[in-house]
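Comments concern the structure below.
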2 protein chains.
Amino acid sequence: MTLKVYADRMSQPSRAIIIFCKVNGIDFEEVRIDLVKRQHRSPKFKEINPMGQVPAVVDGRYKLFESHAILSYLSCAFPGIPDHWYPADLFTRAKIQSILDWHHTNLRRGAATFVLNRALGPALGLPLNPQAANEAEIILRASLSKIESLWLKGNAKFLLGNFQPSIADLSLVCEIMQLEVVDEEDRDRVLGPHPKILQWIENVKSATSPHFEEVHGILHKVKARLHGRLANAKPNDTHLSMKPNPKL
Amino acid sequence: MTLKVYADRMSQPSRAIIIFCKVNGIDFEEVRIDLVKRQHRSPKFKEINPMGQVPAVVDGRYKLFESHAILSYLSCAFPGIPDHWYPADLFTRAKIQSILDWHHTNLRRGAATFVLNRALGPALGLPLNPQAANEAEIILRASLSKIESLWLKGNAKFLLGNFQPSIADLSLVCEIMQLEVVDEEDRDRVLGPHPKILQWIENVKSATSPHFEEVHGILHKVKARLHGRLANAKPNDTHLSMKPNPKL
């Protein structure tokens, strides 16, 4: 029975799961759960994930949510997945788990809150909140500095000095990629001081090409729509209500 | 070489690691990192954990931080740890990982922010913030409802209907236990509607006795000190500066 991946490509952990499956030749069906239409809160989807969040997977009779748990499960449950994604070596695996755990309350907290309050909120019916964006930017910048100084030391291509990417590289880079939807000045201010982060994004992109670019294609469309709306908005109109759009 | 556990028992993930080691007969040295004295920010401790947080462990030449990564590492690295703590079965293990991932941005976010802003802040030199406490209480209560309805269904003794505790039971219950330091009215309002949660706490306590009570003993001392200070505070004095106290 084919693996079902319930996802919205606007969600960065959804993108990580889809890219992982495509890169590793996992036969799967992508089931779109439209966040703008609030399909993640529907009773039907809550039978798949009672937390009402994407991504979630159904593998035969087995249901699972939380993207990091899904990535480690897929690494072990499907034959032929290269070891570098989730190394069997106890010590390396624990270091990867450590990064994934750290991610929740650092990079993810900073990046998702920043992007939501700087650009994306209106698409989800939420107002932009400059103060929340500024606070989140501090967490985001500190997180990027930590990644660069701690896990991308020397000439490392991937986290922990590895030569091949792990699920931690994929999860964290997909998180950072959402900065594509903020305006270029904001993105350059945040990412500009981190050349190693920029090179690492390129390395993950190369290692997962062409799936990385294809799955991230949605961000360019959303950016164009968001910025068109912002340009047309009246001054101080920070709450841009957008009707659900199936093209988002 | 003996495992070193860098911890402050005021930190709930520190307590989870210490209890796990004691229950499983792991030979370890507890190295106190005093949060009130800000020892976690010292250059010396940052050589152990550059993130400046407890808990962290050093096992020979191997260093690790993030409590969930540590718990799964210890479950695999030491001989004779019963399988129920971190089951080798792929499907059960992934479900446990899912709970641990969910925990970061739900129960932990709610409980830690609630307790910090309702009671503990002054001990760490931070003001109490009633609005932040109220917002955190909403997340905390929603998290408890989810745990009860989803993972403690029926007459389950432990999460996922298991007969023995896993590292997820230990981590989540240690998180909830910090509610011991808020006043009883607050604690009853939050936990009172959740009889299954209360029974589950008792089950984890029984399964890890007497270490659970011994390691949590610090909470009773802190509560007595905090409430003594609050009772003596002037009206509106929500920022109670407490000098570092080695007895905390």
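No lab work stands behind these numbers, since they all come straight from the coordinates. Since the structure is predicted, the reported quantities are computational estimates derived from the model, not experimental observations. When we count neighbours, we look across all protein chains shown, and the Cβ atoms used for this are built from the backbone with ideal geometry, even at glycine.
Here are the numbers for the structure shown:
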| read-out | value |
| --- | --- |
| FRET E, pair A:ASP188, B:GLU185, Förster distance 51 Å, beta-carbon r, rounded to 0.05 | 0.50 |
| Alpha-carbon centroid distance for the pair segment B:72-96 / segment A:83-148, whole angstrom | 27 Å |
| Taking A:ILE167, A:ILE18 and counting other C-beta atoms within 10 Å, the order from fewest to most | A:ILE18, A:ILE167 |
| 24 Å Cα-Cα threshold exceeded, pairs from B:LYS4/B:LYS46; A:LYS205/B:LYS95; B:LYS196/B:LYS221 | A:LYS205/B:LYS95; B:LYS196/B:LYS221 |
| Cβ-defined net charge surrounding B:PRO79, 15 Å radius [Lys, Arg +1; Asp, Glu -1] | -3 |
| Extreme residue, positive dipole direction of the protein assembly as shown, given options B:ASN49, B:GLY228, A:PHE28 (C-beta unit charges) | B:GLY228 |
| Cβ-placed point charges (K, R +1; D, E -1), dipole of segment A:188-230 about Cα centre in debye, nearest 20 | 260 debye |
| Partner chain coverage, peptide A:87-96 - average Cβ within 10 angstrom | 4 |
| Segment A:3-82, relative contact order [Cα under 8 Å, separation at least 6], % | 32 percent |
| Potential extension, B:ARG32-B:CYS76 segment - 0.36 nm per residue separation minus Cα distance | 13.4 nm |
| Residue exposure sequence - A:ASP8, A:ASP186 - by fewest surrounding Cβ within 10 Å | A:ASP186, A:ASP8 |
| Backbone N under 15 Å from the B:ALA88 label point (7 Å along Cα→Cβ), restricted to segment A:70-109 | A:90 |
| Nearest-20 debye value, the protein assembly as shown charge dipole, Cβ charges on Lys, Arg, Asp, Glu | 680 debye |
| Among beta bridges that DSSP assigns inside the protein assembly as shown, antiparallel share in %, nearest 5 | 60 percent |
| Residue range of chain B that is longest and free of trypsin sites (Lys or Arg not before Pro) which are both DSSP loop and sparsely packed (at most 10 other C-beta within 10 Å) | B:62-246 |
| Within segment B:117-206, chymotrypsin sites (Phe, Trp or Tyr not before Pro) in DSSP loop having at most 10 other beta-carbon neighbours inside 10 Å | B:PHE163 |
| For chain A: rounded, prolate or oblate by the Cα gyration tensor [a/c cutoff 1.5] | oblate |
| Ascending list, in nanometres, of distances separating the B:GLU180 label from those of the other copies (7 Å, Cα toward Cβ) | 4.9 |
| Hydrodynamic radius by Kirkwood, which averages 1/r over all alpha carbon pairs of segment B:3-81, in angstrom | 12.4 Å |
| Of all DSSP beta bridges in chain B, antiparallel share, percent nearest 5 | 60 percent |
| Other-copy label distances relative to A:SER145, 7 angstrom Cα-Cβ extension, nm | 4.0 |
| A:ALA156-B:SER149 pseudo-label distance in nm [points 7 Å out on the Cα-to-Cβ vector] | 4.1 nm |
| Volume per residue that the Cα convex hull of the protein assembly as shown spans, once the total is divided by residue count, Å³ | 158 Å³ |
| Average other protein chain Cβ within 10 Å of Cβ, residues A:100-109 | 5 |
| Average beta carbon contacts from partner chains per residue of B:68-80, 10 Å cutoff | 3 |
| Inverse mean reciprocal Cα-Cα distance (Kirkwood Rh) of segment A:89-201, Å | 14.5 Å |
